[in-house]
Amino acid sequence: MIHLSLPAALSALLAGIGVYGVLARRNAVLVLIGVELILNAANLLLVTAGSRPGAPLSAGPVLTLFVITIAAAEITVALAIILVMFRRTGHIDLTAVPDLTDDEPDEPDDPDDPDDAGDPGDAEDPRAADRDGHPRDATREPAAAGEALA
Amino acid sequence: MSWIVRMIVVLPALAALAGLLTRRQRGLAAAVAVSVSAYVAVLGLIQWIAPSRTADIDSVGSLPLGDLSVPLHLLSDRVSGLVAFVVALVVLGIQVFTAWYLRDDPRYGQFAATVSLFAAGMLLLVQSGDLVLMLVGWEVMGWCSWLLIGHDSERAAARRAAYKAFIVTRVADIAMVVGIVALSVRARSTDLMAVLTATGDGTLLTIGLVGVVIGVAGKSGLVPFHDWLPDAMEGPTPASALIHAATMVAAGTYVIARLFSLYAGHDGARTLLAVLTAVTMVYAALLALVQTDLKRMLAYSTLSQIAIMLSALAAAPAELGPGAGIAHLVGHAFFKALLFLGAGWLSVLAGATAVAALRGRLRPTGALRWSMGIGLAALAGVPPLIGFFTKDTVIDAALDGATSGGGLRAWLVVVALFVTVVLTAAYCTRAWLLLDTPVAETGALPDLEPAVVAEEDVAVVTASDSADDAEVERVHAHGHAPITLPAALVVSVLAALTVVGTLFLVGLRGGVHVGLLSALLSVLLVAGAAYAVWSVSDRGRLDVADRVPSRVREPAVRGFGVDTAYVGVGRAVTAVARLVVALDRDVVDAYPRAAAVVARAAGRAGERSHRAVPSLSLLSLLVGVVVVAVLGVAAWR
Amino acid sequence: MTTRDIVFTAVGAVTALSALLSVTTKQVVHAALWLLVCLGSLAGAYLVLGQELVGLVQLLVYVGAIVVLVLFALMLTRAPIGPHAEIDTPWWQRLVGALLGAATTALLASLLLPLFSGATADLDTPTTTTPRVAQAVFGTWVWPFELLSVLLLVSLIGAFAVSRLVLHRDGGDGARHPGTVSAGARSDGRG
């Protein structure tokens with residue numbers, strides 16, 4: 001026996017915290033964490049509603065499972081976009097003014113790009129700036145090293 | 001025989017091409033130019049003696065223009081034969097003279113080639129039996145005149161004169177083209193015979209004839225298009241001789257003579273022509289009297305003489321035909337070519353063309369003195385020179401017209417003709433006295449030296465500095481090269497033709513037709529004018545023109561600011577064009593461009609909104625969502 | 001207050017607290033780790049609510065996969081280790097965010113609490129809901145379930161395609177972030 005107003009209140013609280021998380025962060029990954037919190041608030045609400053006696057078709061738990069699946073799909077795509085943004089601009093700061101200029105159409109690809117672009121490790125684009133001064137693997141990017149030293 | 005007709009046109013054109021190709025080899029270019037013009041002159045002689053009297057000589061085949069028949073035929077008859085021969089003869093003389101005159105000019109080859117092309121244009125016009133071919137020849141001459149006048153293209157004045165000639169004649173050519181189109185449409189054919197025999201729309205006929213008159217007024221320098229011709233003296237003297245003597249300015253006379261039977265039946269166009277010619281001949285003769293430059297004086301005399309030719313066509317009775325005008329064309333071709341070439345020779349000797357610099361320079365020059373004397377006498381109309389016969393033929397024709405119902409129009413022409421006779425005799429006497437009276441006899445040079453005028457506006461060709469500056473520079477640079485025998489021969493032959501040239505006109509219907517009374521009157525007028533000038537100028541010691549108050553004379557030397565008027569017209573046209581452009585751009589185009597501006601602004605706004613900072617966008621989005629949700633919940637409650 | 005109520009209150013408090021920490025911490029990696037705690041305790045909340053399948057899936061998928069992905073993303077985007085003030089938006093944005101969060105909570109609470117007030121779930125009978133859920137998934141919900149598999153496949157391919165997207169920014173980076181690729185930073189990193 002459990003009073004369902006407790007999980008409902010927790011759900012509302014989680015949603016509010018998630019909204020704050022979305023708005024308070026400038027790092028895109030952390031914004032994504034806020035989104036996850038909102039999703040979980042929705043999940044908790046679904047489970048709570050499904051726990052009511054006489055809930056039909058087991059809709060609560062089943063839809064929760066669906067939402068979890070969709071969340072997995074969503075975060076995959078979102079992280080891919082974040083990685084592309086990082087490779088392109090060198091940061092994932094959402095407070096920066098975006099640059100919408102077109103790319104030069106006839107620009108040749110990076111020589112090592114086609115092989116391992118799908119690999120998450122490829123996110124270390126030679127031109128992707130290390131904005132916090134973290135070490136970069138110079139041995140894997142000889143061309144970039146030469147370019148920077150030149 | 002028809003091949004001769006074609007050859008007379010084609011050969012000079014080919015000579016122009018060949019001359020252009022051989023322009024680097026000076027001797028070769030001269031040989032090509034002279035030999036071809038000699039050959040063309042021989043062909044012209046043959047054609048004149050035995051014209052084929054046909055107007056059906058194919059040139060390049062007819063143009064397939066559907067309803068409109070454009071046969072492009074050439075013709076050959078007595079008139080065209082005579083004029084073509086005279087043109088060929090004058091061109092030959094000019095080519096020979098040019099070979100000496102431009103002896104030091106690096107661009108002699110181009111000049112000779114242009115003269116050849118010019119001759120081709122004139123001969124095409126003379127022998128065309130088709131209005132389209134006529135127009136082609138007409139325009140070729142217009143283009144070549146631009147090239148010839150602007151021959152010394154290093155000088156701004158020459159360039160300006162060339163453009164002035166081109167633009168002024170081009171403006172008049174608009175009317176010419178309109179007129180030719182109207183005549184062709186009326187006859188449904190451009191063939192000359194069809195045009196002449198067509199009957200029909202009177203309005204089209206009026207438009208056609210008036211248009212042609214305006215076009216002719218442009219090329220022949222009738223008022224108000226006259227001012228380009230004196231400026232055209234910027235060209236080398238042979239070019240002036242060519243343009244003035246037998247070709248371009250005289251071409252208008254030939255065109256109207258060809259269309260004479262149409263004009264004879266149309267009083268309106270003839271009245272317009274009569275008024276224009278009467279005004280021009282008197283006005284130009286008056287200006288010629290006060291000119292301070294020999295070449296410009298000759299230019300004004302050309303204007304006057306061309307107006308005399310055209311006045312014959314304006315006033316002659318229909319049954320007399322255009323013979324009087326053609327006769328004066330021929331006579332004028334001889335003596336004006338003589339005068340120009342003589343003036344060129346004299347300018348080489350003296351190093352200037354300004355009258356002040358030429359004073360008394362004619363006295364010691366032998367053959368040249370005789371030639372110039374003959375030329376001036378012919379211009380004045382002293383019997384038995386050709387000028388006397390042709391001018392009195394014109395007077396007689398005009399009197400005929402006046403007495404046979406020509407009315408006010410013919411009387412106007414007659415009066416103008418007699419006034420012109422007096423003025424012409426006056427300025428010829430003045431020129432002769434100035435050129436021939438030895439300087440020693442003139443005593444101290446008069447203080448009223450017209451050189452003052454020269455200091456002023458460079459753009460307006462004025463007065464006392466020589467018109468043909470390039471020649472002056474040439475003389476100063478290379479000294480006084482003695483004239484070659486052929487060139488001297490040319491001048492002498494032209495002088496001889498001026499004396500005996502009347503024989504040329506014997507075969508021409510209405511060519512020589514001198515009334516006893518009018519001839520006597522004009523001889524008396526000439527003598528009186530000459531005596532008056534002689535006595536007023538104190539037997540040649542003074543310049544008659546100096547008696548004219550300088551307040552009148554200085555503007556007269558410049559043609560009374562007509563040049564400024566032309567510039568004003570040009571500016572007005574440009575201003576109107578600018579206005580139209582402004583209207584088009586700022587009023588008509590405003591609506592489409594406003595749409596574009598709005599679209600662009602919308603695009604910018606959209607772009608700016610898309611460039612928004614993501615975190616701010618998220619913030620605003622969530623604010624909106626929450627507000628909507630609060631409202632929704634509040635409403636639901 | 002039943003035992004379950006007390007347990008749920010405890011678990012819920014952990015969940016809410018860790019969620020709050022994950023959105024306020026100044027250390028990027030800690031945020032992900034607090035998310036881990038939050039999601040894990042939420043799985044515990046599901047268990048308390050009697051949905052053990054959902055709780056397990058939550059553990060498997062969220063804690064096991066998604067948080068790991070987030071950690072990977074943080075690594076790949078060179079997230080700084082240690083406290084960092086630059087991960088938060090300006091204070092006024094955070095203030096508005098807090099207001100909005102509070103508003104959301106208040107809104108939802110004002111909606112949900114009346115709905116669930118007095119509602120109870122009887123979970124003390126020892127029955128499992130898993131067979132019913134399984135029957136529902138493969139019976140009533142089978143088509144949405146299959147569609148979801150397609151969605152997963154599409155998202156997989158989409159993520160692959162997006163990450164293959166080569167966006168060039170030639171010369172621009174160095175110009176816009178001078179000093180980030182400085183040789184000194186590099187040699188430090190190497191050492």
For chain B, with +1 on Lys and Arg beta carbons and -1 on Asp and Glu, the positive-most of B:Val9, B:Ala496, B:Leu434 along the dipole: B:Val9
Region B:561-608: C-alpha gyration tensor shape, a/c 1.5 cut-off, then a/b vs b/c: prolate
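Subtracting the Cα-Cα distance from 0.36 nm times the residue separation, let me have the gained length for B:Thr484 to B:Ala565 in nm, one decimal.
Values: separation 81, 0.36 × 81 = 29.16 nm, distance 4.33 nm.
Gain in length upon complete extension: 24.8 nm.
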Alpha-carbon centroids, region B:302-379 and region B:110-166: separation in whole Å: 21 Å
Cα extents of region B:534-637 along the three principal axes, largest first (Å): 126, 26, 16
Per-residue ³J(HN,Hα) for region A:8-13, Karplus 6.51 cos²θ - 1.76 cosθ + 1.60, θ = phi - 60°, Hz, x for Gly and Pro: 5, 5, 4, 4, 4, 5
Simple label model, 7 Å out from Cα along Cβ direction - B:Ala318 to B:Leu631, nm: 9.4 nm
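Compute and list, largest first, the equivalent-ellipsoid semi-axes of region C:49-106 from the alpha carbon gyration tensor, each √(5λ) rounded to a whole angstrom. Before the final figure, lay out each step's value.
Values: eigenvalues 166, 106, 10 Å².
Each semi-axis is √(5λ); the values are 29, 23, 7 Å.
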Candidate lysines for bridging to B:Lys164, where Cα separation is under 16 Å - those fewer than 8 sequence places away on the same chain excluded: B:Lys219
Karplus 3J(HN,Hα) series, Hz, for region B:621-636 with 6.51 cos²θ - 1.76 cosθ + 1.60 (x for Gly, Pro): 4, 5, 4, x, 4, 5, 4, 5, 5, 4, 4, x, 5, 4, 5, 5
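Kirkwood-based Rg over Rh for chain B (C-alpha set), two decimals? Show your work: numbers first, answer last.
Values: Rg = 30.6 Å, Rh = 26.2 Å.
Over the Cα atoms of chain B, Rg/Rh equals 1.17.
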Chain B, relative contact order in percent, only Cα pairs under 8 angstrom and at least six apart counted: 13 percent
In nm, spacing of pseudo-spin labels at B:Asp584 and B:Ser2 (7 Å Cα→C-beta vector): 4.6 nm
Equivalent ellipsoid dimensions for region B:328-368 as semi-axes, Å, which come from the Cα gyration tensor, largest first: 22, 11, 8
Peptide B:619-625, shielding by other chains (average Cβ, 10 Å cutoff): 4
Nonlocal amide H pairs with B:Ser189, under 5 Å, H built at 1.01 Å: B:Ser69
Cα-projected label distance for B:Thr197 with C:Leu153, points at 7 Å along beta-carbon direction, nm: 9.3 nm
Computed Rg/Rh of region B:486-537, alpha carbon atoms with Kirkwood Rh: 1.15
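Rg/Rh for region C:69-172: what does it come to with C-alpha atoms and Rh from Kirkwood?
Numbers: Rg = 23.0 Å, Rh = 20.4 Å.
Ratio of gyration radius to Kirkwood radius for region C:69-172: 1.13.
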Mean projected area (nm²) of the alpha-carbon convex hull when region C:1-129 is viewed from all directions: 9.6 nm²
Placed amide H near C:Asp88: partners under 5 Å, 5+ positions off or other chain: A:Arg26
For region B:249-264, Karplus couplings with θ = phi - 60° (6.51, -1.76, 1.60), whole Hz, Gly/Pro x: 5, 7, 4, x, 4, 5, 4, 5, 5, 5, 8, 4, 5, 6, 5, 4
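Just tell me, in residue order, which DSSP H segments of chain C are both 15 angstrom or longer along the helix axis (alpha-carbon based) and at least 0.0 in mean Kyte-Doolittle hydropathy. Spell out each step's value before the answer.
Values: long enough: C:3-24 (32 Å, 1.36); C:28-48 (30 Å, 2.01); C:91-116 (36 Å, 1.38); C:142-164 (33 Å, 1.74).
Helices passing the filter in chain C: C:3-24, C:28-48, C:91-116, C:142-164.
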Acute angle (nearest 10 degrees) that the helix B:407-436 long axis makes with the longest principal axis of chain B, alpha-carbon atoms: 70 degrees
Radius of gyration, Dmax [the protein assembly as shown; alpha carbons; angstrom]: 52.1, 154
Listed peptides B:373-380, B:122-129, B:488-495, C:139-146 by packing density, highest first (mean Cβ within 10 Å): B:122-129, B:373-380, B:488-495, C:139-146
For region B:223-281 and region C:137-157, distance of Cα centres in Å: 98 Å
18 Å cut-off, amide nitrogen to a point 7 angstrom out along B:Val500 Cα→Cβ, residues in region B:88-111: B:89-90, B:93
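No lab work stands behind these numbers, since they all come straight from the coordinates. Predicted, not measured: the structure shown is a model, and the values here were computed from it. We place every Cβ from the backbone using ideal geometry, glycine too, and count neighbours over all the protein chains shown.
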